[in-house]
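Scroll down for the structure; my scribbles are underneath it.
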Amino acid sequence: MKLYTPHELEPRWQRVWADTDQDAVREDGSKPKKYVLEMFPYPSGDIHMGHVSNYTYGDVIARFSRMKGFDVLHPMGWDAFGLPAENAAIKHKSHPAKWTYANIATQQASFQRMGFSYDWDRKVVACDPEYYRWGQWIFLKFWERGLVERRNSPVNWCPSCATVLANEQVIEGRCWRCDSEVEKRDLTQWYFKITDYAQELLDDLDQLQGWPDRVKQQQANWIGRSEGANVDFVLEGTDEVITVFTTRADTLFGCSFFVLAPEYKDLPKMVAGLPQEKEVLEFAEAAKKVSAVERAQGNREKHGVFTGRYVINPINNEKVPVWVADYVVADYGTGAVMAVPCGDQRDFEFARKYDLPIIPIILTDDDPLFEKLNDEKSRVVTTVDWECAMEAEGTLVQSGEFTGLVGGKHSPGEDAVVKFLEDSGRGHRTVEFRLRDWLISRQRYWGNPIPAIHCPECGVVPVPEEDLPVRLPEDIDLAAGETLATHEGFAKCTCPKCGGEARRETDTMDTFTCSSWYYLRYTDPHNETAPFASDKANRWMPVDQYIGGIEHAILHLLYSRFFTKVLRDMGLLDFDEPFTNLLCQGMVLDSKGEVMSKSKGNVVSPEDMIAEYGADAVRAAMLFMGPPDKEKLWNEDGLAGIYKFLNRLWRIVYDLVGKAEDKTLYDPEAAADEAHANAMAMKRERHRVVGKVTADVERNNFNTALAAIMELANTTAAFLRLKPAEHRVNCETGGPLCRDVAETIVKLMAPIVPHWSEELWHDALDHEDSVHDQPWPEFDPELAKADEVELAVQVNGKVKAKIMVAADAEEDAIREAALAAVSNALTGKEPRKVIVVKGRLVNIVA
RNA sequence: GGGAGCGUGGCGGAAUUGGCAGACGCAGCGGACUUAAAAUCCGCCUCUUCGGAAUGUGGGUUCGAGUCCCACCGCUCCUACCA
């Protein structure tokens, strides 16, 4: 018997697999396809435990799927553009590509040491011109379809990264990458009109049965559809209309003031020449300067000033004062709101602070005011003695012809008021989304250049398709502060339309544009005439199992869904959604449950673990730690335990085929009936465990799958070492059964510990081919059933006895046996009811 | 403030549609083997006044609840003045 030596056998098998193209995609064509994909990594440096967990899950699923008879696509690549490479280049006075490709080489070597079965021929690297040219091509196609827009508006600016950010990349007012406070700036930027797809992105979440609910919920919240109405107010003394969006048109009678965002574009015009002008403009300026971090803090104190102007409430022609206040968001709705302090907590707080009227127009029926106001013919403006606004559903009062109707969101009262507004031409139903267009331009070098040219004659002109890719210049000195905009060789160009002197667009695209379609490129990675061939993409897509971190619940997953839908509308794809099943893995934390970080000094290096225990043990330990979607507390003791288990199972396999050095286990002459009975029990366990492992792996419950294999190991070991020796099951008495169990164990372990299994497959089991090309073990549910089963006998729900009955025993027989077993506890009382649950228990109600 | 989720031994975690709570493992304890240690093998391992009690707390539905319903407590994640 060989000893288990991971450090020798793992590299040896990795070389064999590489030499034989073991992991290459085999497109048999007769088999069903399975596309298993893990989110591609950013090449930040060495791999960490998060990579190990993410990619181990994917590798187990890919290997299992191959054995189950699928053609499997399981590729890997790198999300290689981004700021860290640029920062490293500045620090080391070198080029971002150097740092990036060095890290890719390091990570790829680690992945190979982990035994991940990627088809390396399909490697996609996002900063490779052969890849990014097609990102530019897609950009041009989006442009043709009217999905690209350049516009000036307030944007998020990260001063530390010196670039703008998309809304999705601002987390609590801070940059997603460097955590700096984000500022607002008015800039002209490039946008993808993702809002054109807002409704479909929301609706199609229903198609995603294989996604975790919380991810769908997060996307739905982010898209934020809200049904309401636009209501037109007329600025007093003019014909100008200021429109507001509201979901509570039913409360229009309670509108006692009107509020504009500080950024409201017509504000300076509105206050021009008024005594309030100076104060208003100063206030607006100050409000704009408040940082996003401060804005993000909940329950901020609200501030505002009166503008000196009034608007006319369209429902009752009342004059209401116009304020400007910092609690109104400029880019949602119209940047103006009607304030109803009675029905909205924010308006309520503002009204209290500035002593504005709070008109009660909606009440619960048990409110003491109800009787009084419900009768009131004339309108009463009251400052009610409430502590907070009445945001719940209630009955409308003092609301003209609408008095008495039920008010609230989507209420009959709201319906009636909107109908009135529509009939009188003062408003209409509409839907607002929280989702904003995706700001994709970045003022950075290390990204995909936006293929556009600014011509003084022709304006903004797309780069012609045949001129792609627009290549990043390699001779750039970032450390000296050079940028694409100052790099004359790059920026100076001629206009493709008129041939005159022009300037190239020097912004690059958000790195999330690269990751929004890479999964399509894997289906056809070497295509030189298109990003991918439709037939290949349609053959492999959608991804059957996608695996990655929850941190992409909105960002990457939303953008990829958007890209897929646009490419579908271009006729390139024939499906609606890119990822059928999504597994969001939980974080790997240290043994105390804390995030691993360099500053805390608690980072566990996968390479150290591989060096000590081997990759197989690291893989198995990761899988055994818990369900993939939960947080995992990394514990080296667990890894050591798994390493011992692999050793133990290794010996059991050799024992089963009679290759262990200890040959004194049994005496064939003395083989008794007992040995046969034990062999049958072992066979039963083999079938039960194969059934359980198969079901568990299919549900991604890798921890319980491994636990079931441990159970099989335990029973097998017990039968092999049973005393007296003549009762043992072994290669002599058990014959073919022992060999079957040995092969079954090795095959069940193959997706989890690929090197260990391959070695045993060859050395212990004497096979020439690869274990990874074997079909997954079959099992017979009939053979997994025991002849006799133990049932619990409960009296009033408490277990009082256990009985053994034949597995196919009739209910009457079971009842009789159960009653006999607990006759003492019943003390002669007649049971009122007996419930028999076959195979589980009997409950006697006394 | 809004949304989602989670609370099970010393620890990680098990428990198909409600059906014997604690599978499997870690740590710990005891034993065998050994001159000894490591490794390996075997056993014990929620509490208990031995009646029982126990899945965060209190209630409910049910023959039966970790699982379903209601309220509360605690924790985590997401989001944030979205009108």
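The values are calculated or read from the model by the stated rules, or taken from the named source; none is laboratory data. What you see is a predicted model; the values in this text were computed from it and never measured. Note that we place each Cβ from the backbone using ideal geometry, even for glycine, and neighbour counts take in every protein chain shown. The accessibility values were calculated without ligands, DNA or RNA, using every heavy atom of the protein model including side chains. Shrake-Rupley method; radii C 1.70, N 1.55, O 1.52, S 1.80 Å.
Residues that are part of a loop (DSSP other than H, G, I, E, B), more than 8 Å from RNA strand B (Cβ to nearest atom), without any contact (Cβ under 8 Å) to a residue 60 or more places away in the chain and closer than 30 Å to residue A:565 by Cβ do not occur anywhere in the range A:267-288. Residues of the range A:210-227 that are in contact (Cβ under 8 Å) with a residue 40 or more places away in the chain, more than 8 Å from RNA strand B (Cβ to nearest atom) and in a helix (DSSP H, G or I): A:215, A:219, A:223. Residues being within 25 Å of residue A:30 (Cβ to Cβ) and hydroxyl-bearing (Ser, Thr, Tyr): count how many of those fall in the range A:45-70. Final tally of qualifying residues: 1.
Considering each residue of the range A:589-609 in turn, at least one proves to be open to solvent by less than 10 Å² (accessible area, probe 1.4 Å), over 16 Å from residue A:518 (Cα atoms) and not charged (D, E, K, R). Within the range A:746-795, restricting attention to residues that are modelled with pLDDT of 95 or more and β-branched (Val, Ile, Thr), the residue that is farthest from RNA strand B (Cβ to nearest atom) is A:771. Checked against the criteria, residue A:199 does not count as buried (at least 16 other Cβ atoms within 10 Å of the Cβ), within 30 Å of residue A:532 (Cα to Cα) and either touching a Phe, Trp or Tyr at 6+ places or on another chain (Cβ under 8 Å) or not acidic (Asp, Glu) (or both).
Identification of helices (runs of 4 or more DSSP H) wholly contained in the range A:754-844 with 3 or more residues that are surrounded by fewer than 16 Cβ atoms within 10 Å (Cβ to Cβ) yields A:811-821, A:823-826.
The set of residues in the range A:682-711 that are crowded, with 18+ Cβ neighbours inside 10 Å, outside any helix (DSSP H, G or I) and out of contact with any strand residue (DSSP E or B) (no Cβ under 8 Å at 6 or more places or on another chain) contains only A:701. Taking the listed residues A:38, A:27, the one that is closer than 28 Å to residue A:100 by Cβ and of a type in the set (D, E, K, R) is A:38, with no other qualifying. Among the residues of the range A:341-350, those that are more than 6 Å from RNA strand B (Cβ to nearest atom) and within 24 Å of residue A:282 (Cβ to Cβ) comprise A:347, A:349, A:350. For residue A:751, the conditions (1) crowded, with 19+ Cβ neighbours inside 10 Å; (2) not in a loop (DSSP other than H, G, I, E, B) all hold with the exception of (2). Of the residues that make up the range A:327-340, is at least one at pLDDT 90 or above, within 25 Å of residue A:430 (Cα to Cα), more than 16 Å from RNA strand B (Cβ to nearest atom) and assigned to a loop (DSSP other than H, G, I, E, B)? No: the range A:327-340 contains no residue that is at pLDDT 90 or above, within 25 Å of residue A:430 (Cα to Cα), more than 16 Å from RNA strand B (Cβ to nearest atom) and assigned to a loop (DSSP other than H, G, I, E, B).
When A:496, A:525 are screened for being in a loop (DSSP other than H, G, I, E, B), touching a strand residue (DSSP E or B) at 6+ places or on another chain (Cβ under 8 Å) and more than 24 Å from residue A:118 (Cα to Cα), only A:496 passes. Against the numbered list (1) touching a strand residue (DSSP E or B) at 6+ places or on another chain (Cβ under 8 Å); (2) within 14 Å of RNA strand B (Cβ to nearest atom); (3) farther than 20 Å from residue A:414 by Cα; (4) aliphatic (A, V, I, L, M), residue A:322 comes up short only at (2). Filter the range A:533-555 down to residues that are in contact with an Asp or Glu (Cβ under 7 Å, 6 or more places away or on another chain) and either over 15 Å from residue A:122 (Cα atoms) or in contact (Cβ under 8 Å) with a residue 40 or more places away in the chain (or both) and give me whichever is nearest to RNA strand B (Cβ to nearest atom). Among those that are in contact with an Asp or Glu (Cβ under 7 Å, 6 or more places away or on another chain) and either over 15 Å from residue A:122 (Cα atoms) or in contact (Cβ under 8 Å) with a residue 40 or more places away in the chain (or both), it is A:554.
Of all residue pairs spaced 6 or more apart or on separate chains, those with beta-carbon atoms under 8 Å, a first member in the range A:470-481 that is of a type in the set (D, E, K, R) and modelled with pLDDT of 90 or more and a second member that is assigned to a loop (DSSP other than H, G, I, E, B) and open to solvent by 20 Å² or more (accessible area, probe 1.4 Å) are A:474/A:95.
Considering the range A:11-65, and only residues there that are of a type in the set (Gly, Ala, Ser) and either free of Cβ contacts under 8 Å to residues at least 40 places away in the same chain or assigned to a helix (DSSP H, G or I) (or both), the residue that is most open to solvent (accessible area, probe 1.4 Å) turns out to be A:30.
Of all the numbered requirements in (1) open to solvent by 10 Å² or more (accessible area, probe 1.4 Å); (2) in contact with a His (Cβ under 9 Å, 6 or more places away or on another chain); (3) near RNA strand B (Cβ under 9 Å from one of its atoms), residue A:230 misses one, and that requirement is (3). Scanning the range A:539-561 for residues that are assigned to a helix (DSSP H, G or I), surrounded by 22 or more Cβ atoms within 10 Å (Cβ to Cβ) and either touching a strand residue (DSSP E or B) at 6+ places or on another chain (Cβ under 7 Å) or not small (Gly, Ala, Ser) (or both) yields A:540, A:557, A:558, A:559, A:561.
For residue A:617, indicate whether it is surrounded by 15 or more Cβ atoms within 10 Å (Cβ to Cβ), within 13 Å of RNA strand B (Cβ to nearest atom) and not polar (S, T, N, Q). Criteria met by residue A:617.
Taken together, the residues in the range A:248-275 that are surrounded by fewer than 17 Cβ atoms within 10 Å (Cβ to Cβ) and either touching an Asp or Glu at 6+ places or on another chain (Cβ under 8 Å) or not aliphatic (A, V, I, L, M) (or both) amount to 6. Within the range A:161-193, can you find the residues that are within 15 Å of RNA strand B (Cβ to nearest atom), touching a Leu at 6+ places or on another chain (Cβ under 8 Å) and of a type in the set (A, V, I, L, M)? A:165, A:166, A:182 - these are the residues of the range A:161-193 that are within 15 Å of RNA strand B (Cβ to nearest atom), touching a Leu at 6+ places or on another chain (Cβ under 8 Å) and of a type in the set (A, V, I, L, M). For the range A:128-141, residues that are surrounded by fewer than 21 Cβ atoms within 10 Å (Cβ to Cβ) and closer than 15 Å to residue A:461 by Cα total 3. The residues of the range A:501-522 that are touching a helix residue (DSSP H, G or I) at 6+ places or on another chain (Cβ under 6 Å), in a loop (DSSP other than H, G, I, E, B) and open to solvent by 10 Å² or more (accessible area, probe 1.4 Å) amount to a single one, A:506.
Applying the criterion of at least 2 residues that are closer than 29 Å to residue A:301 by Cα and open to solvent by 30 Å² or more (accessible area, probe 1.4 Å) to the helices (runs of 4 or more DSSP H) found wholly in the range A:342-439 leaves A:345-354. Taking every residue in the range A:343-367 that is under 12 Å from residue A:396 (Cα atoms) and pairing it with any residue that is open to solvent by 50 Å² or more (accessible area, probe 1.4 Å) and part of a loop (DSSP other than H, G, I, E, B), at least 6 positions away or on another chain, the pairs with Cβ-Cβ distances below 6 Å are A:359/A:381. Taking residue A:739 as meeting all but one of (1) open to solvent by less than 30 Å² (accessible area, probe 1.4 Å); (2) closer than 26 Å to residue A:642 by Cα; (3) more than 16 Å from RNA strand B (Cβ to nearest atom), write down the number of the exception. Condition (1) is where residue A:739 drops out.
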